[in-house]
1. Checking Phe581 against (1) open to solvent by less than 10 Å² (accessible area, probe 1.4 Å); (2) over 21 Å from Arg523 (Cβ atoms); (3) modelled with pLDDT of 90 or more, which test does it fail?
2. Working only within segment 297-344, note down all residues that are among the charged types (D, E, K, R) and either out of contact with any Pro (no Cβ under 9 Å at 6 or more places or on another chain) or open to solvent by less than 30 Å² (accessible area, probe 1.4 Å) (or both).
3. Show me the helices (runs of 4 or more DSSP H) found entirely inside segment 851-956 where at least 2 residues are of a type in the set (D, E, K, R), at pLDDT 85 or above and crowded, with 18+ Cβ neighbours inside 10 Å.
4. With respect to the numbered conditions (1) open to solvent by less than 40 Å² (accessible area, probe 1.4 Å); (2) under 26 Å from Gln805 (Cβ atoms); (3) touching a Lys or Arg at 6+ places or on another chain (Cβ under 8 Å); (4) at pLDDT below 90, which one is the sole condition not fulfilled by Ala837?
5. Give the residue that is nearest to Ala279 (Cα to Cα), with candidates limited to residues of segment 469-500 that are in a loop (DSSP other than H, G, I, E, B) and under 32 Å from the mean Cα position of the chain (by Cα).
6. Test Glu222 against the criterion of being free of Cβ contacts under 8 Å to residues at least 12 places away in the same chain and charged (D, E, K, R), and give yes or no.
7. Among what's in segment 360-380 and is at pLDDT 90 or above, within 39 Å of the chain's Cα centre (by Cα) and closer than 21 Å to Thr320 by Cα, pick the residue that is most open to solvent (accessible area, probe 1.4 Å).
8. Quick check: is even one residue across segment 504-516 crowded, with 20+ Cβ neighbours inside 10 Å, within 36 Å of the chain's Cα centre (by Cα), over 16 Å from Ala580 (Cα atoms) and in contact (Cβ under 8 Å) with a residue 24 or more places away in the chain?
Amino acid sequence: MTERANPYFILQKRKGHGDGGGGLAGLLVGTLDVVLDSSARVAPYRILYQTPDSLVYWTIAHGSSRKEITENWEWLEQNLLQTLSIFENENDITTFVKGKIQGIIAEYNKSHDIREDDDTDKFKEAIAKFRKLFIMPEEEKLVNYYSCSYWKGKVPRQGWLYLSINHLCFYSYLLGKEAKLVIRWADITQLEKNATLLLPDMLCVSTRCSEHVFSVFLNINETFKLMEQLANIAMRQLLDNKGFEQDRSLPKLKKKSPKKVSALKRDLDARAKSERYRALFRLPKDEKLDGHTDCTLWTPFNKMHILGQMFVSTNYICFTSKEETVCSLIIPLREVTIVEKADSCNVLPSPLSISTKNKMTFLFANLKDRDFLVQRISDFLQQTTSKIYFEREITGSLSSSDDEVGTTMFICLLSRVPTATQALMTMYRRRSPEEFNPKLAKEFLKEQAWKNHFTEYGQGVCMYRTEKTKELVLQGIPENMRGELWLLFSGAINEMATHPGYYEDLVEKSMGKYNLATEEIERDLHRSLPEHPAFQNEMGIAALRRVLTAYAFRNPNIGYCQAMNIVTSVLLLYAKEEEAFWLLVALCERMLPDYYNTRVVGALVDQGVFEELAHVYVPQLYDCMQALSVISTISLSWFLTLFLSVMPFESAVVVVDCFFYEGIKVIFQLALSVLDANIHQLLSCKDDGEAMTILGRDPHPEVDIFKLVRISYEKFGSIRADVIEQMRFKQRLRVIQAIEDTTKRNVVRTIVTETPFSIDELEELYTLFKAEHLTSCYWGSTSNPMSRHDPSLPYLEQYRIDLEQFKVLFALLFPWACGTHTDDLALRVFRLLDHNADALINFREFISGLSVLCHGDLTEKLKFLYKIHILPGSQFIELCKTLYNMFSEDPNEQELYHATATVTSLLLEMGEVGKLFCSPQERTRCKPCDVETNSCVTGPLEDIKLEDSSPKDTAMSSAMLISDDETKDDTSMSSYSVLSTGSHELDDKLQCEDIAEDTVLIRNGGPYAGDWAITFLQFLASVLTEQALVQYFEKPVEISARITNAKNVRKVGHQHMSLSDYEISLSD
């Protein structure tokens, strides 16, 4: 409905909005306004722009109220209407109006500090709605949102699912009913995509206390993958405290991109693609995929054009065939010499030729956008060349004509022990006379087969990797070539080539340094393959020490873990020292992620994956083994040592050969094969000891390891890497949440005897304590999250909170929190509880303070109150101020105010009387530097200014303190001025121990001549004279009610708080 109009602008109101009906259509509009949520409604007022001769309208303003839209209309009439009349061309008018409106918006954004970003307008609307609905701060980044149904019982509620970095949220508003749900990713224990006859596609999200089902997604696969990714980020944060940092280096959003895709969603998509790319080609952890394209590769070994995909990243060009095992290729740009476009023809359209330093040429064709691709590769190649030149300049002074000898001499000088110049196996080869000739002949045949392979498929990092390569690996790699090929297949060769001198620097820095990791390394050095001659002398032991110590200094989060010594010993047998180090890096950080941290999380995850695979592939054995609890027990050592601890050495290194080529799937295949080979014996076992004996012994003598490997591929070779990763995600949720639950149980068990709180109450309090820590990780804090969460510390120390976090919990849980004085009181309590003065408190310290305030007797509570006011910077006046603020919301506040005034007056009189009977010498002894107790605090105290009364008249002072109107109001406490900053601080911090009898609160200066002091016993005696105060402090506090309230506050939300672990209930 048009309400106002002029030649260029029209103000309209929606039909049916407000008074006046509007017939059936108006009634329908009004009904929809009630039924739909506010974000779905169209603004009731708008202003349109239109030139007289045009049929096109432009919406330039809309408003939710008549007042708002009228202000906009009047501004247009006053500032634009007259100006438009001077234009002759309508196009000029339109251009001018558009420019003016955009300028106003830009100016508004600038004045309100609204930064331009890559997100579209539609997505910005979604962000605003998300923050408003769930009361989220700006730090909480929305990733994407999806339309779906949420099932509450048997009733679906259609609404929107919002996925942010830290939370999963759902909102629905239908038929006047609102449904709201908030779940933190860190609380999810299970995330599955299921299908039923009724719901072919649904997502199930489980927490410790509930399960939620969502369905009717337009793209369920995309939604599920994003949910997986966000849950993984949360698990990583719980595991090692690594938070999420957005990648700001992504290209700007293209105009053809989907309208609601956020910059953050593109970032996460790019991360996921890069992770798959790195895993597929075993590339360094920091390599980012730039793009990929379909193409063909000419393979000279079979003279064919193989269809596949080319991947281009900052430092590599990679190729993999459509059929997985046909051919793959890795070309580091550091090896590339020429990139050129070849001539096109019908047989070879849009070809691209790449030549490398080892005289190999690779021919790609059928490239859709060859010119762009060549430009990208050229740009990356130029960066790589510059980087290599810079590294040579840096390391040139350390290099020698013989790099190997130079490195060896360098390490020799540092360690001052004999150092192997080559792989230890070449110096300590074990050969018995009777098997010398057959074994030598077998090794010779293997070497010849590999040399022939190199001739045909190329040698080094750029070799063609085919089914033939895999066949040769399964037959066993020759001893002389193991180090070279392990480096190649693991990708460690790339990290070693791009970090010249890195290992030597680490060795130099770590030599002579001692910590917990080096102590554990020294203890295990002589337990590493002790039967092998290479580790029966100082040369082998010293090499092992250097590699393990260097890695512990490279990655202190892992440091050293048992089983690393066994694996590293084997690496040193076949690889040079620096090569062994980089192989260990590849194992710990890429190929066996999280295996060797303090809680062996990665191995526990793969243990769970193995149980799932056993359930699928050997179901008849699975139930029996579960009953005996054997699978989880025996498989841990298999995974941690890659079978090196349970197989004969000669067999185990063949397993390592296969592992470096195929990855973890080989270990799963072999583990299943071991179960399958012993299936009949295991089914007849009566107890777990018998089953352990069967599985723990070496494979039967007649079992050939090569045959076992081949059988594992024939029976279980269908296991795919992507399926393993999916299973790993599921198990990672389970394992990490189980670890968190164990931590909580252990913390509660440790302190339950020290506090009156019940186990259930302690668990609830621990959940709130941990939630506050996580909140600061999400939305910032004054202290570093790494300093407050260290999983390697004892259970009680793993989560700690700083002052800002404590203030939030103090306001929610502590009974003395009240009024504007709460933060000041929280600061004093925090200082008292912080026993080691590191500005952090753990859960035990937190509970010790809360226990006193909730369950302490009268004396304990008053002693606690007294202690927090003899900390640095506090004095008698602050104690009085605290008492007044404490009662501001109590039902008996008037009576308590009167009692407090009486006690205050009594204490003032005591102080004056004590001062009169105190000689100058005694007064001097009462000053703050009482060496024996270190428990006196003093400082200049400002005058007590009481309105309309003489400060020297104690009786009048008392009357003034009792005044209802002023004592009731927090602002009246200005009569008690805060201490000046000149207060002296204690040299030694007061600990939370019993107060000595001679501990005093001191007042000096002011209207009273001389000094006066109050002891704790005087304070206690004064309070005991007032029954109202005695009843207040003797009254027990029910913590369960405060816990419930804290949960409810978090459900409603707070701009500085995390939403809690508890789901928001749905309104009916």
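1. Tallying (1) open to solvent by less than 10 Å² (accessible area, probe 1.4 Å); (2) over 21 Å from Arg523 (Cβ atoms); (3) modelled with pLDDT of 90 or more, Phe581 fails exactly one: (2).
2. Within segment 297-344, Lys303, Lys322, Glu323, Glu324, Arg334, Glu335, Glu340 qualify.
3. Passing ranges, in order: 858-867.
4. (1)
5. Filtering segment 469-500 for residues in a loop (DSSP other than H, G, I, E, B) gives 475-478, 491, 498-500.
Okay, now just the ones that are also under 32 Å from the mean Cα position of the chain (by Cα), so 491, 498-500.
On the way: Gly491: 10, Thr498: 19, His499: 20, Pro500: 24 Å.
Only one residue tops the list, namely Gly491.
6. Details: free of Cβ contacts under 8 Å to residues at least 12 places away in the same chain: yes; charged (D, E, K, R): yes.
Taking the combined requirement at face value, the residue satisfies it.
7. Within segment 360-380, the match that is most open to solvent (accessible area, probe 1.4 Å) is Phe372.
8. yes
The values are calculated or read from the model by the stated rules, or taken from the named source; none is laboratory data. Everything numeric here is computed off the predicted structure, so don't read it as measured data. Positions of Cβ are backbone-derived with ideal geometry, glycine not excepted, and every protein chain shown enters the neighbour counts. Ligands, DNA and RNA are excluded from the accessible area calculation, which covers all protein heavy atoms including side chains. Shrake-Rupley method; radii C 1.70, N 1.55, O 1.52, S 1.80 Å.
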